[in-house]
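Peer 1: One structure, pasted below without further comment.
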Amino acid sequence: MKIYADNAATTKMSRTAIEAMLRPMEEEYGNPSSLYVLGQRAKEIIEEARARIAAVIGAEPREILFTSGGSEADNQAILSAAALGIRDGKRHIISTAFEHHAVLHTLKKLENEGFEITLLDVHSDGIVRPDQVREAIRDDTCLVTIMYANNEIGTIQPIREIGEICRAKGVLFHTDAVQAVGHLPIDVKAQNIDLLSASAHKFHGPKGIGFLYARRGVRLTNLIEGGAQERGKRAGTENTPAIAGMAAALCEVAGKIEENAAHLIPLRDRLIAGLLEISHSALNGDPEKRLPGNVNFCFEGIEGESLLLLLDDRGICASSGSACTSGSLDPSHVLLAIGRIHDVAHGSLRLSLGEEATEEEVDYLIQNVKEVVAYLRGFSPVWRDLQSGKKDFIL
Ligand SMILES: *Cc1c(COP(=O)(O)O)cnc(C)c1O
């Protein structure tokens, strides 16, 4: 059996999205800035996509700016808010310790430029409390940026409440909603969101395209200089096929959010229950306030990388929080942020189910993870020390 259980990393493009891209590639390939009909037709495709995307999140079309993906949208949102902060003499930004690197590294850059960054601790259940935000806001705070749903542990944040606090204090609120758009209902107005990032390849659209929602009145700084595309805020000839594919993918999934959740939640919970049968294992993040397809576990006494490779041999695509870079093993900053210690964080596994997942596949996942964990523990020196009592179990 082949199972793709890494939908949080990227998703397979939907047929609807692929088909929506064909006409702008084969027939309506004009430059949207050109005045002849072929160009104007491409322009129409883009504006129609903008309107459809805006409608899905309760925005106005002019509040949607196309970007090359989630990372660019995060960079532009944060750097724009920082520029407004400089104008107003405010150089303090609040975020959390478990954001995506597109946010964390942008904040690091601002810190080097004289900004003060407060990274809130995340509760052990993977959820930031609105009161933490309220207490951290100062007179010189120009931005609060907190992700909508975490990409590793799937926990969903109290966005509306955080937005309400920011709005009352007159502080801009950005949310990296890359994992949420197309998977959870979003209404930027009701949720008091000023800036929101999204990426098409996380909801069955093409890679290399995304969007930034910026509430009317929030002035954006452009990252790329050149032509006057995107109201002068993002130069470069628009990727018409990708924009059309993104809109088609989003409209399709947005119409099925409840249906997909109703299908996925029981499968997710079955997977969680099955993996909890493994001794000295633990679920990461709140069991309920999490994305419908997200399961993230720690298994004591093993390394995530070995687990992934052996699962790959069995046809399973999964992910581990830890990234193996140039020989040094860094455990996931997300797992460390929720209080997992290094040793435990190393043995992590993320399984992110797609909408087409079946019960049979979930059972295959449970069976194989159980076997591979047992196999790896069989020759793990750490496991031997835990077994003999030389080291204490944590989970
Ligand atoms: C995938 C992801 C991003 C990056 O999006 P790209 O389109 O790949 O640049 C940013 N934030 C989160 C939470 C993500 O999951």
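Peer 1: Assign unit charges at the C-beta atoms only (+1 for Lys and Arg, -1 for Asp and Glu), then state the dipole size of the range 257-388 relative to its Cα centre in Debye, rounded to the nearest 20.
Peer 2: It comes to approximately 460 debye.
Peer 1: Would you work out which of 80, 204, 247 lies farthest towards the positive end of the dipole of the chain, given +1 charges on the beta-carbon of Lys and Arg and -1 on that of Asp and Glu, about the Cα centre?
Peer 2: Comparing the listed Cα positions along the dipole, 80 ranks first.
Peer 1: Same structure again: Where Rh denotes the Kirkwood radius from the mean inverse Cα pair distance, what is Rg over Rh for the range 338-395?
Peer 2: When Rh is taken as the Kirkwood radius, the ratio is 1.08.
Peer 1: Helix 240-254 sits at what angle to the longest principal axis of the chain, using alpha carbons and giving 0 to 90 degrees rounded to 10?
Peer 2: That helix lies at roughly 60 degrees to the long axis.
Peer 1: Just tell me the longest site-free run in the chain, where the sites are chymotrypsin sites (Phe, Trp or Tyr not before Pro) in a DSSP loop having at most 15 other beta-carbon atoms within 10 Å.
Peer 2: The longest uninterrupted stretch comes out as 37-378.
Peer 1: Take the alpha carbon atoms of the range 333-384, find their center, do the same for the range 66-115, and report the distance between the two centers in whole angstrom.
Peer 2: Cα centroid of the range 333-384 versus Cα centroid of the range 66-115: 33 Å apart.
Peer 1: Mind pulling the angle between the C-alpha long axis of helix 70-88 and the longest principal axis of the chain? Nearest 10 degrees, somewhere in 0 to 90.
Peer 2: 60
Peer 1: Which of the trypsin sites (Lys or Arg not before Pro) across the range 202-311 are loop residues per DSSP, with 11 or fewer other Cβ within 10 Å?
Peer 2: 216, 219
Peer 1: Quick check on the exposure proxy: order 353, 308 from fewest to most C-beta atoms within 10 angstrom.
Peer 2: Neighbour counts put them in this order, fewest first: 308, 353.
Peer 1: Right, next: For the range 172-260, which GluC sites (Glu not before Pro) are both in a DSSP coil and crowded by at most 16 other Cβ atoms within 10 Å?
Peer 2: In loop regions of the range 172-260 (DSSP not H, G, I, E or B), the sparsely surrounded GluC sites (Glu not before Pro) are 225.
Peer 1: Out of all DSSP beta bridges in the chain, what portion is antiparallel? Express it as a percent rounded to 5.
Peer 2: The antiparallel proportion sits near 55 percent.
Peer 1: Using a simple charge model, +1 on the beta-carbon of Lys and Arg, -1 on the beta-carbon of Asp and Glu, nothing else, what dipole does the chain show about its Cα centre, in debye to the nearest 20?
Peer 2: The calculated dipole for the chain is roughly 820 debye.
Peer 1: Write out the GluC sites (Glu not before Pro) in the range 111-183 meeting two conditions: DSSP loop, and at most 11 other Cβ atoms within 10 Å of their Cβ.
Peer 2: Within the range 111-183, the qualifying GluC sites (Glu not before Pro) (loop, at most 11 other Cβ atoms within 10 Å) are 113.
Peer 1: Sticking with this structure for a sec: Could you work out how far apart the two model spin labels at residue 134 and residue 343 are, taking each label as a point 7 Å from the Cα in the direction of the beta carbon, and quote it in nm?
Peer 2: 4.0
Peer 1: Mind grabbing the base-10 log of I(q)/I(0) for the chain at q = 0.11, 0.13 Å⁻¹? Debye formula, identical points on the C-alpha positions, no solvent, two decimal places.
Peer 2: -0.82, -1.09
Peer 1: What is the Cα radius of gyration of the range 22-158 over 2.2 N^0.38 Å, N being its residue count?
Peer 2: Rg over 2.2 N^0.38 Å, computed on Cα atoms: 1.34.
Peer 1: Okay, next question. Return the whole-Å distance between the Cα centroid of the range 158-193 and the Cα centroid of the range 239-268.
Peer 2: 20
Peer 1: Using only Cα atoms, tell me the angle between helix 359-378 and the longest principal axis of the chain; keep it within 0 to 90° and round to the nearest 10.
Peer 2: The answer is roughly 50 degrees.
Peer 1: Between residue 385 and residue 225, with labels modelled 7 Å along Cα→Cβ, what's the label distance in nm to one decimal, could you check?
Peer 2: About 5.5 nm separates the two model spin labels.
Quick note: the coordinates plus some simple rules give every number you see, no bench work behind them. Quick caveat, the model's predicted, so the values are computed rather than measured. Every residue, glycine as well, gets a Cβ built from its backbone with ideal geometry; the counts of neighbours run over all protein chains shown.
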